[in-house]
Each structure stands twice: as C-alpha cells, then as structure tokens.
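A.B. asks: For reference, the structure I am asking about is given below.
The values are calculated or read from the model by the stated rules, or taken from the named source; none is laboratory data. This structure is a prediction, so every number in the text was calculated from the model and none was measured. Backbone-built Cβ (ideal geometry, glycine too); neighbour counts: all protein chains shown. SASA here: full protein model, heavy atoms, side chains in, ligands and nucleic acids out. Shrake-Rupley method; radii C 1.70, N 1.55, O 1.52, S 1.80 Å.
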Amino acid sequence: PRSILQWNVGSHRDISHESLSLFRLLEPQIEILVLGTGDKVERLHPATLKQMRECGIAVEVQDTANACATFNFLMSERRVVAAGLIPP
C-alpha cells in the first residue's frame, strides 16, 4: 500500500497473465486488485481473471476514475489491495 511501481501497460489489451505477475509478487499478498481500464470499463480475457482468482487474488475491473475511488475506499477499510491504473 505504500509503494508506487511502474506498470508497463499502455491499454487494456496489454493486460495479461504475464503483465499481472507484478501483483502476484507483492508482499504481503494482496487480497484485491483493482484495475482501472481508462475512460470506460473494458472486458478482460476470462482466463486471465481466472488465473488471478486461482492465486487467491480477487480482481475488480472498472473505469479508472471509479477504480481510484474503490482503491481509496478499500484502503480506508485497511484491506490489502493494489491498483493497476491506465490513465483515461
């Protein structure tokens, strides 16, 4: 929660199992990953989401503005959360 890392993703099309590996390496392990996909909510490949669930990480996909709000809310609840944000 106290770190900012550069995520090498330019658009929702770049989000894959490999690009999400950064979030699987965080310690302590995160419970929830909030993904902001820009101006609008974009669908991610179901297999990518399934792989994250199998690692014990829930994924919430939203437009970036709402993803920021969700991240802040979850942080205020002291949840172990990370955000991957693509600028709108």
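A.B. asks: Inside the stretch 21-63, can you point out the residues that are polar (S, T, N, Q), over 22 Å from Pro88 (Cβ atoms) and touching a His at 6+ places or on another chain (Cβ under 8 Å)?
C.D. replies: Within the stretch 21-63, just Gln51 meets the criteria.
A.B. asks: On the given criteria, is Ala83 open to solvent by 60 Å² or more (accessible area, probe 1.4 Å), at pLDDT 95 or above and small (Gly, Ala, Ser)?
C.D. replies: Answer is no for this residue.
A.B. asks: For Arg53, state whether it is modelled with pLDDT under 95 and out of contact with any Asp or Glu (no Cβ under 7 Å at 6 or more places or on another chain).
C.D. replies: no
To keep it simple, each residue is scored yes or no on (1) surrounded by 10 or more Cβ atoms within 10 Å (Cβ to Cβ); (2) assigned to a loop (DSSP other than H, G, I, E, B); (3) free of Cβ contacts under 8 Å to residues at least 24 places away in the same chain; (4) not hydrophobic (A, V, I, L, M, F, W, C).
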{"site": "Asn8", "(1), (2), (3), (4)": "no, yes, yes, yes"}
{"site": "Glu18", "(1), (2), (3), (4)": "no, yes, yes, yes"}
{"site": "Phe23", "(1), (2), (3), (4)": "yes, no, no, no"}
{"site": "Pro28", "(1), (2), (3), (4)": "no, yes, no, yes"}
{"site": "Leu33", "(1), (2), (3), (4)": "yes, no, no, no"}
{"site": "Leu44", "(1), (2), (3), (4)": "yes, yes, no, no"}
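A.B. asks: Filter the stretch 46-88 down to residues that are in a loop (DSSP other than H, G, I, E, B) and closer than 15 Å to Ser21 by Cα, then give me how many there are.
C.D. replies: Looking only at that region, the number is 3.
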